[in-house]
Amino acid sequence: VQFRTNHVPLQSYLHRFGRAPDATCPTCQQEPETVPHYLFACPTYTLHRAVHFRTLGFSGRTLSTLLNSRDALRPLFTYVNATGRFRTVFGNLPDP
C-alpha cells in the first residue's frame, strides 16, 4: 500500500517532510529517489531487478502490474528484502 500511495520512506517522500536534506537517491546520487526510480531505474539495483522481477516477464516492468498483481507480491517483497533499502525501518518483509 505504501508503494501505491507514495508514502514509502524513500528520499523524495522524506524530503517533503524535512526528514531528509534532499530527494536525491542515496545509492546512485543521480536523480530523486521516487518509487519508480527505486523499482525500475536505480542502477544500484539493476541485478536485483533482473533476478527478482524475471518471473514476471515484460508485465513486471510496469508500475501498475508490479503494485497491483497478486503474482507480483512475492517478487516485490523479495526484491525489497534483497536490496535492504528498508531494513532499518521494517526489518525483513515476510513472505506473502
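The values are calculated or read from the model by the stated rules, or taken from the named source; none is laboratory data. No experiment lies behind these values; they were computed from the predicted model shown. Cβ coordinates were reconstructed from backbone atoms using ideal geometry, including for glycine residues, and neighbour counts include every protein chain displayed. Just the protein is used for accessible areas: all its heavy atoms, side chains included, with ligands, DNA and RNA removed. Shrake-Rupley method; radii C 1.70, N 1.55, O 1.52, S 1.80 Å.
Residue count for the range 45-61 satisfying the condition of being under 13 Å from the mean Cα position of the chain (by Cα) and open to solvent by 100 Å² or more (accessible area, probe 1.4 Å): 1.
Every listed requirement among (1) modelled with pLDDT of 95 or more; (2) on the phi > 0 side of the Ramachandran plot is met by residue 24 save one, (2).
Within the range 4-32, the set of residues being open to solvent by 30 Å² or more (accessible area, probe 1.4 Å) and under 19 Å from residue 67 (Cα atoms) comprises 4, 5, 6, 7, 12, 13. Scanning the range 70-96 for residues that are more than 18 Å from residue 47 (Cβ to Cβ) and of a type in the set (S, T, N, Q) turns up 88, 92.
Every residue, every condition in (1) modelled with pLDDT under 95; (2) touching a Pro at 6+ places or on another chain (Cβ under 8 Å); (3) among the β-branched types (Val, Ile, Thr), yes or no:
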position: 12; (1), (2), (3): no, yes, no
position: 38; (1), (2), (3): no, no, no
position: 59; (1), (2), (3): yes, no, no
position: 64; (1), (2), (3): yes, no, no
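Of everything in the range 62-82 that is open to solvent by less than 60 Å² (accessible area, probe 1.4 Å) and of a type in the set (A, V, I, L, M), the residue that is nearest to the chain's Cα centre (by Cα) is 80.
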